[in-house]
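Undergrad: The following block contains the structure, expressed as structure tokens.
The values are calculated or read from the model by the stated rules, or taken from the named source; none is laboratory data. Values in this document were obtained by computation on a predicted structure and should not be read as measured data. No Cβ is skipped: glycine too gets one built from the backbone with ideal geometry, and neighbour counts run over all protein chains shown. These accessible areas exclude ligands, DNA and RNA; they are computed on the full protein's heavy atoms, side chains included. Shrake-Rupley method; radii C 1.70, N 1.55, O 1.52, S 1.80 Å.
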Protein chains: 2
Amino acid sequence: MKLSLLLFDGFTALDAIGGYEVLSRIPGLSFEIAAKERGLVATDTRAFGITAVRAFAEVETTDVLYVPGGPGVEIAKSDQALCTCIRRLHASSKWTLGVCNGVGLLAAAGVLEGKTVTTNWDYREVLAEQGIHVVPERYARDGKIVTSAGVSASIDAALSLAGLIAGEDVAKLIQLGIEYYPRPPFGGTSADDAPLAAREVVRKVTRASVAALGTTRPAF
Amino acid sequence: MKLSLLLFDGFTALDAIGGYEVLSRIPGLSFEIAAKERGLVATDTRAFGITAVRAFAEVETTDVLYVPGGPGVEIAKSDQALCTCIRRLHASSKWTLGVCNGVGLLAAAGVLEGKTVTTNWDYREVLAEQGIHVVPERYARDGKIVTSAGVSASIDAALSLAGLIAGEDVAKLIQLGIEYYPRPPFGGTSADDAPLAAREVVRKVTRASVAALGTTRPAF
């Protein structure tokens, strides 16, 4: 079984690495990172890059298609090479995982018609306006499509998917291996419970991150 | 304020990226990755590498020193360049963060004498045998040293550290930004509550990962 993680300029590292750290531990699963071209793909902060070992054109099929999000989604959703690759690989994938606003890339690729998904708390309206049914859950499954709320929710969604792929016993071993018994130091149960003013600050930071992408040179 | 994340061959990606995704969002903080030499550093699975933009020798001082763990620690703890760099940067850091068995690297660098730390559930005895006081917590603080349990605990530890650096309000905004309101799909409250047989399986997988490091060629 093979998992292909698709990267694009300005992805959010934890969107990708949260699920990678879970799913790459499934026994017998091989893991590859693909991008438009082989080589380094810069994260949203421009502080580092991650190596893609395959170009999209080199990935003929995959069993698990994994699409993360990040500020780069705003540009990536108009990238025909990426959207075509998602559509093509999704056509025969056993599972497709979309994380955070990376679910918007699944939408841009045209694979979400009639589907129920989740996404990050600040992106629900964007998808709903496209006629996609959005539920405010940490992760959601509709057929072979698994979707995740924002960034860190990639871990929960991937553990859920690991359970579907390899069974609950294996998923629990992976949970133990990454010691995922979270204890957020300042509590909090949901983004929806955060004060409106806090949500407005984070929205502004997100917009600034999107704007900064085009002007910040990668540090490597 | 500057944070320097030190990487070494065979680090575990989420040990590094969990804390990075939190701490790099502190307003005004600059983030850099350093390694023995500039360039790509391979993760434990060999599936990808991350770019170090600085060599250890190029980092004169730092405010926040961040040392992740991984199967590579077994070899890295004998690496004099790494241990000397940790000792040197820790001497004037404002904060030092050790994650998972990366806390063993802090010990190898000689900066844990008389300190109380946590580490991953499977590494506590190793540190205790060295006379270090180990507590079975998700994260722990002793003066300027913050330590974390395994892999995913880097997120909780980093949020706690973000609160110390920038205050609880900022840390809560970061928590909202990465939507860290975890909901592990199969429950579980602590590694110590996992069945003994499960812990034995994970121990075997860990030993196999350490052994595989020397024989698996990076995919990039």
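Undergrad: For the range A:165-181, name all the residues that are of a type in the set (Ser, Thr, Tyr) and in contact with a Phe, Trp or Tyr (Cβ under 7 Å, 6 or more places away or on another chain). Break it down stepwise before answering.
TA: We begin by selecting, within the range A:165-181, every residue of a type in the set (Ser, Thr, Tyr); these are A:180-181.
Once the filter is applied, which keeps residues that are of a type in the set (Ser, Thr, Tyr) and in contact with a Phe, Trp or Tyr (Cβ under 7 Å, 6 or more places away or on another chain), the range A:165-181 yields nothing.
Undergrad: Given the criteria closer than 30 Å to A:Trp121 by Cα and touching a Gly at 6+ places or on another chain (Cβ under 8 Å), does B:Ser160 qualify?
TA: Numbers: closer than 30 Å to A:Trp121 by Cα: yes; touching a Gly at 6+ places or on another chain (Cβ under 8 Å): no.
Criteria not met by B:Ser160.
Undergrad: Considering every residue within the range A:17-26, establish whether at least one is within 19 Å of A:Arg217 (Cβ to Cβ) and in contact (Cβ under 8 Å) with a residue 24 or more places away in the chain.
TA: No, because not a single residue in the range A:17-26 is within 19 Å of A:Arg217 (Cβ to Cβ) and in contact (Cβ under 8 Å) with a residue 24 or more places away in the chain.
Undergrad: Identify the residue in the range B:48-64 that is open to solvent by 10 Å² or more (accessible area, probe 1.4 Å) and of a type in the set (A, V, I, L, M, F, W, C) and, among all such residues, is farthest from A:Phe48 (Cα to Cα).
TA: Going through the qualifying residues, I end up with B:Ala57.
Undergrad: I'd like to verify a number: residues in the range B:27-41 that are in contact (Cβ under 8 Å) with a residue 40 or more places away in the chain and open to solvent by less than 10 Å² (accessible area, probe 1.4 Å), how many?
TA: Of the residues in the range B:27-41, 1 are in contact (Cβ under 8 Å) with a residue 40 or more places away in the chain and open to solvent by less than 10 Å² (accessible area, probe 1.4 Å).
Undergrad: Name every residue in the range B:114-166 that is of a type in the set (D, E, K, R), within 16 Å of the chain's Cα centre (by Cα) and closer than 11 Å to B:Val103 by Cβ, in order of residue number.
TA: Hit for the range B:114-166 is B:Arg124, nothing else.
Undergrad: Something else now. Return the residues of the range B:66-81 that are surrounded by fewer than 24 Cβ atoms within 10 Å (Cβ to Cβ) and in a helix (DSSP H, G or I); say none if nothing qualifies.
TA: B:Glu74, B:Ile75, B:Gln80, B:Ala81
Undergrad: Which condition from (1) within 13 Å of chain B (Cβ to nearest Cβ); (2) open to solvent by 10 Å² or more (accessible area, probe 1.4 Å); (3) in contact with a Phe, Trp or Tyr (Cβ under 7 Å, 6 or more places away or on another chain) is the one that A:Ala13 breaks?
TA: Failed condition: (2).
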